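These notes are about the structure you will find just below.
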Amino acid sequence: MGRLSTWVVLLVVVLILASTPFFLRGAFPMYYEDLISEVADIHDLDPMLLAAVIQVESGFRAEAVSQKGAVGLMQIMPDTAAWLGEQTSQSISAEDLFDPSVNVGLGARYLKYLFDRFPTEYVALAAYNAGPTNARRWLEEGIWDGSYERTGQIPFVETRSYVRKVVIMRNLYSLLYQ
């Protein structure tokens, strides 16, 4: 009976480990997967990073509005959306930001813009959260070197936490969905 119990316990452990991704996907779902993949491809971004930003920004809630007025899945400020629209001769209203395809498209375009202007993805993520002016100042004044290892040097607690959460969620989504 002792040998049988050992085999049963071993079988249960194997079944639990094999089903862990299934349970974790339930705990950390990725909505809008097709939209995220399509938009990430257009803007040459990692879809898991895009999903992580959406999860951290809005929890995948298209109707989300922050206290500061950021709107939609990627929590885009209406002024930022208007500026992005001007770059392509489009008129973007605050109401348009509730449309997932508009919101994710604009958010990805803005994220790519930041990735192209900052030396690391961590600084680009900090700029997405705290604004490019703050992120650039932190680098220029030597407050933060832009590395993940030194995110503790980011002066804004919210931004420090934001960068860390996005990186963790990206790693988790990469594990679960790739």
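The values are calculated or read from the model by the stated rules, or taken from the named source; none is laboratory data. All values derive from a computational prediction rather than experimental measurement. Please note: Cβ atoms are built from the backbone with ideal geometry, for glycine as well, and neighbour counts cover all protein chains shown.
The condition of being surrounded by fewer than 19 Cβ atoms within 10 Å (Cβ to Cβ) and not hydroxyl-bearing (Ser, Thr, Tyr) holds for only one of Gln67, Gln55, that being Gln67.
You will find that of Leu35, Leu24, the residue that is under 17 Å from Asp99 (Cβ atoms) and part of a helix (DSSP H, G or I) is Leu35 and no other. Being closer than 16 Å to Leu45 by Cβ, out of contact with any His (no Cβ under 7 Å at 6 or more places or on another chain) and surrounded by fewer than 17 Cβ atoms within 10 Å (Cβ to Cβ), is that true of even one residue in the range 117-126? Checked the range 117-126: at least one residue is closer than 16 Å to Leu45 by Cβ, out of contact with any His (no Cβ under 7 Å at 6 or more places or on another chain) and surrounded by fewer than 17 Cβ atoms within 10 Å (Cβ to Cβ).
Checking the stated criteria, Tyr148 turns out to be exposed (fewer than 14 other Cβ atoms within 10 Å of the Cβ) and modelled with pLDDT of 95 or more. Each residue in the range 151-178 was checked for being within 19 Å of Ala51 (Cα to Cα), surrounded by fewer than 17 Cβ atoms within 10 Å (Cβ to Cβ) and of a type in the set (A, V, I, L, M, F, W, C), and 2 of them qualify. Kindly evaluate Gln153 against the criterion of being within 26 Å of Ile42 (Cα to Cα) and over 17 Å from the mean Cα position of the chain (by Cα). It is false that Gln153 is within 26 Å of Ile42 (Cα to Cα) and over 17 Å from the mean Cα position of the chain (by Cα).
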